[in-house]
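Structure first, commentary second.
The values are calculated or read from the model by the stated rules, or taken from the named source; none is laboratory data. Worth saying up front: this structure is predicted, and the values here are computed from it rather than measured. Ideal geometry is used to build each Cβ from the backbone, glycine not excepted, and the neighbour counts take in all protein chains shown. All accessible areas refer to the heavy atoms of the entire protein, side chains included, with ligands and DNA or RNA removed. Shrake-Rupley method; radii C 1.70, N 1.55, O 1.52, S 1.80 Å.
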Amino acid sequence: MDTVIKNGTIVTHRRTFRSDIGIRAGKIARIAESIPGKKIIDASGMLIFPGIIDAHTHMETLVFAESCGKGIISSDDFYTGTRAAAAGGVTTIIDFTIQNKGESLKDSIIRRKRQADKKVYIDYSLHCNITDFDGNFLEEISSIIESGISGFKVFMAYRNDEIMVSDENLRLLLAETRKYGGVVQVHAENGFLLDYFVDKFREEGKSKPIFHAKSRPDYVEEEAVVRAIKLAEETDGGLYLVHLSTEKSIEAVRWAKQKSIKVFAETCPQYLLLNEGVYERENGRYYITSPPLRGDNDREALWKGIEDGIIDVIATDHCPFTCAQKDGGENIFFKIPNGLPGVETLLPTMYSEGVIKRGLELTQLVKLLCYNPARIFGLYPKKGAIEEGSDADLVIFNLEEEMTMSASSLHSNTVFSPYEGLKIKGIPEITISRGEIIYEREKFFGEKGRGQFVKAKPTIQSEIVQGT
Ligand SMILES: [Zn+2]
């Protein structure tokens with residue numbers, strides 16, 4: 001073996017057990033007792049997780065909101081963002097393509113890969129974002145799934161930016177992706193109502209950050225969630241609801257799952273850890289993100305949804321901005337670019353707040369952060385697993401160490417962290433990507449651009465829904 005990890009406790013989506021892990025040529029070659037090897041990593045007292053998959057990131061992404069003005073690009077590029085990810089135990093991100101008007105989906109993928117390939121520090125996959133519905137987008141679906149992308153993202157909001165999907169097109173897309181084992185990701189908010197509320201508040205002079213939350217009442221999300229579920233039910237298409245934030249949405253998904261509709265639910269740490277009270281803070285503008293942070297009843301309902309298995313994935317919607325970029329919005333909620341950093345804090349916050357504080361099972365944590373995203377988006381068993389033959393993507397996790405979260409010790413290109421001051425227990429000690437140590441205790445060892453595009457396989461969602 002090239003490398004053997006000894007004395008650690010392995011956590012998979014099924015069980016927690018003691019064993020050595022033997023790594024050869026970047027793959028997990030053996031899981032057994034007493035494996036000999038050239039290089040030994042001693043993981044005594046540590047947990048070993050599969051490398052974390054952040055299924056929802058926006059590196060160097062132009063934010064579409066008309067109110068943001070032109071050319072506001074999220075502040076992490078594919079290098080700074082994936083390096084920060086590695087420090088947080090994330091070994092795969094799934095980012096999004098960005099389609100220009102009139103551009104084919106295929107060309108948008110080529111362009112995005114070119115942007116990522118020379119910079120990525122860890123492996124990555126892409127979701128194909130469809131924002132131009134005038135062309136023959138349906139004709140491209142099968143070849144894109146064949147080329148290794150199984151997720152297609154659409155917005156049910158942002159009508160003014162001309163990127164909103166119509167109900168007809170969403171229905172067509174669900175039916176088409178179903179044929180080839182794709183999944184449709186939906187940003188579920190009712191675009192008509194959102195625009196109405198923002199315009200109303202603008203006219204009434206209600207512009208402070210708290211009105212961002214008030215302009216997006218919970219039923220605006222719930223209504224779109226229900227509509228998308230109905231279309232998934234009718235078409236039998238695979239539906240993945242990104243960043244759910246409300247109790248009402250969780251109840252809708254609960255209903256859908258009881259009916260065996262192929263729906264998957266994602267939430268993010270910010271909706272589990274923070275509430276809308278942050279918008280009243282002096283720096284409330286920095287917390288503007290969509291959907292907005294909600295009330296504590298919603299927060300509790302999300303945790304309950306995790307406990308009950310209603311929520312399948314926790315991802316971050318990582319989309320940081322510098323304070324200068326946020327300040328450029330002049331404290332007017334509809335002018336402030338939307339987004340929060342999160343990729344680096346995903347595992348530590350979910351371990352500390354989920355496992356330590358709320359008794360979340362370690363196996364469930366691995367399901368939410370590794371196994372489920374890998375299954376749903378066709379990356380399993382290459383990613384998201386500690387199995388013989390899987391990529392040797394691993395996090396050696398120190399469960400004793402305590403720290404206070406601070407942007408100054410994080411690695412994203414922003415000096416703001418939504419979790420500033422949060423005390424946590426447990427930090428990633430070593431991050432291994434395809435057998436290579438790329439991060440160990442504040443030090444980085446990999447090369448810029450070492451990450452690779454991971455080809456996704458089509459997925460059979462009914463199997464995942466049934467938990468097989
Ligand atoms: Zn997003």
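Observations on the model:
- Among the conditions (1) open to solvent by 10 Å² or more (accessible area, probe 1.4 Å); (2) more than 16 Å from the ligand (Cβ to nearest atom); (3) closer than 30 Å to C370 by Cβ, N338 misses just one, which is (2).
- Put simply, of V253, V263, V242, V225 the only residue that is β-branched (V, I, T), touching a helix residue (DSSP H, G or I) at 6+ places or on another chain (Cβ under 8 Å) and within 16 Å of the ligand (Cβ to nearest atom) is V225.
- Taken over region 348-374, the criterion of being touching a helix residue (DSSP H, G or I) at 6+ places or on another chain (Cβ under 7 Å) and either within 13 Å of T92 (Cα to Cα) or modelled with pLDDT under 95 (or both) is satisfied by L369 alone.
- Selected residue (only one of T57, T61, T131 is within 16 Å of the ligand (Cβ to nearest atom), polar (S, T, N, Q) and more than 17 Å from the chain's Cα centre (by Cα)): T131
- Qualifying residue in region 247-263 (condition: in a loop (DSSP other than H, G, I, E, B) and of a type in the set (D, E)): no
- Counting the residues of region 398-456 that are over 21 Å from K382 (Cβ atoms), open to solvent by 70 Å² or more (accessible area, probe 1.4 Å), in contact with a Gly (Cβ under 9 Å, 6 or more places away or on another chain) and touching a residue at least 40 places away in the same chain (Cβ under 8 Å) gives 2.
- The one condition in (1) surrounded by 17 or more Cβ atoms within 10 Å (Cβ to Cβ); (2) on the phi > 0 side of the Ramachandran plot; (3) not hydrophobic (A, V, I, L, M, F, W, C) that E247 fails to fulfil: (2)
- If you filter region 291-330 down to residues that are among the polar types (S, T, N, Q) and open to solvent by 10 Å² or more (accessible area, probe 1.4 Å), you find that the one that is farthest from the ligand (Cβ to nearest atom) is N297.
- Count of region 392-446 residues, restricted to those that are out of contact with any strand residue (DSSP E or B) (no Cβ under 6 Å at 6 or more places or on another chain) and among the charged types (D, E, K, R), is 6.
- Checked against the criterion of being under 21 Å from E344 (Cα atoms), touching a residue at least 40 places away in the same chain (Cβ under 8 Å) and touching a strand residue (DSSP E or B) at 6+ places or on another chain (Cβ under 8 Å), region 101-117 has at least one qualifying residue.
- A search for C-beta distances below 7 Å between a residue of region 22-49 that is hydroxyl-bearing (S, T, Y) and any residue that is open to solvent by 60 Å² or more (accessible area, probe 1.4 Å), counting only pairs 6+ apart in sequence or on different chains, returns S44/N7.
- Restricted to region 75-101, and to residues there that are among the small types (G, A, S) and touching an Asp or Glu at 6+ places or on another chain (Cβ under 6 Å), the residue that is farthest from the ligand (Cβ to nearest atom) is A87.
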